[in-house]
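Below: one structure, written as structure tokens.
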Amino acid sequence: MNEKPKKANLLLKLFFSMLYISTFTFGGGFVIITFMKRKFVDELHWIDEQEMLDMTALAQSSPGAIAVNAAILVGWHVAGFVGMIVAVIGTILPPMIILSVISFFYAAFATNPYVALTLKGMQAGVAAVILDVVCSLGSNVLKMKSAIHLVIMAAAFVATFFFGVNVIYIILAAALVGVILAMMEKKKEADKK
């Protein structure tokens with residue numbers, strides 16, 4: 001009997017958390033990941049840091065918007081299928097409402113210099129939030145103290161920043177290295193037995 005109100009409260013908290021995060025997140029998927037980490041890892045402790053790092057990698061490497069992909073993964077992890085639906089609705093509702101309003105008043109927004117200046121100012125804030133994500137997730141890789149992970153992180157940075165390699169190729173290469181490392185680890189364990 002206590003299970004339903006408990007689950008209902010969990011779903012409500014999940015919905016309003018995702019609604020709040022999505023409403024006040026400007027700048028794309030990496031920004032929303034930072035807010036999700038703060039809410040679900042640091043504040044609510046529903047997910048640990050490694051799981052959030054894994055979910056971020058999955059959300060980024062899957063087709064579609066990172067924010068929606070991350071909401072699917074977090075919702076599923078927290079409350080299963082219903083949690084996934086609730087998290088996605090909470091995530092897509094604010095952009096749908098905001099874009100509907102903007103499209104209705106597009107002519108006024110497009111020519112307004114104050115709106116243009118506001119958007120320019122927001123770019124600096126978005127850059128700072130993305131840098132925060134990079135530092136936070138990068139520090140988790142550094143804490144692992146694994147030479148191969150450090151090499152992969154450095155190589156991915158060099159490939160994209162200096163050579164303009166498409167992120168998809170970097171993700172696929174890193175995934176391939178991960179599979180090879182997992183197979184080598186499994187073989188090592190089998191040899192010990």
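If you go through the range 10-67 and keep only what is more than 15 Å from S136 (Cβ to Cβ) and of a type in the set (V, I, T), you end up with I21, T23, T25, I66. Of all residues in the range 37-61, exactly one satisfies the criterion of being of a type in the set (G, A, S) and either touching a strand residue (DSSP E or B) at 6+ places or on another chain (Cβ under 9 Å) or open to solvent by less than 50 Å² (accessible area, probe 1.4 Å) (or both), namely A59.
Looking across K13, K39, one residue alone is under 25 Å from A124 (Cα atoms), modelled with pLDDT of 90 or more and not aromatic (F, W, Y). It is K39.
Limited to the range 16-36, what total is found for residues that are over 18 Å from I89 (Cα atoms), open to solvent by 40 Å² or more (accessible area, probe 1.4 Å), part of a helix (DSSP H, G or I) and not hydrophobic (A, V, I, L, M, F, W, C)? Residues in the range 16-36 being over 18 Å from I89 (Cα atoms), open to solvent by 40 Å² or more (accessible area, probe 1.4 Å), part of a helix (DSSP H, G or I) and not hydrophobic (A, V, I, L, M, F, W, C): 0 in total. For the range 56-109, filtered to residues that are of a type in the set (S, T, N, Q) and assigned to a helix (DSSP H, G or I), the residue that is nearest to the chain's Cα centre (by Cα) is T56. I'd like to know if the range 54-75 contains one or more residues that are more than 26 Å from Y169 (Cα to Cα) and either modelled with pLDDT under 90 or not basic (K, R) (or both). Yes, that holds for at least one residue.
The values are calculated or read from the model by the stated rules, or taken from the named source; none is laboratory data. This one's a predicted model, so the numbers in the text were calculated from it and none came from an experiment. So basically every Cβ, Gly included, is an ideal-geometry build from the backbone, and we count neighbours across all protein chains shown. For the accessible areas, the whole protein counts, side chains as well, though only heavy atoms, and no ligand, DNA or RNA atoms are used. Shrake-Rupley method; radii C 1.70, N 1.55, O 1.52, S 1.80 Å.
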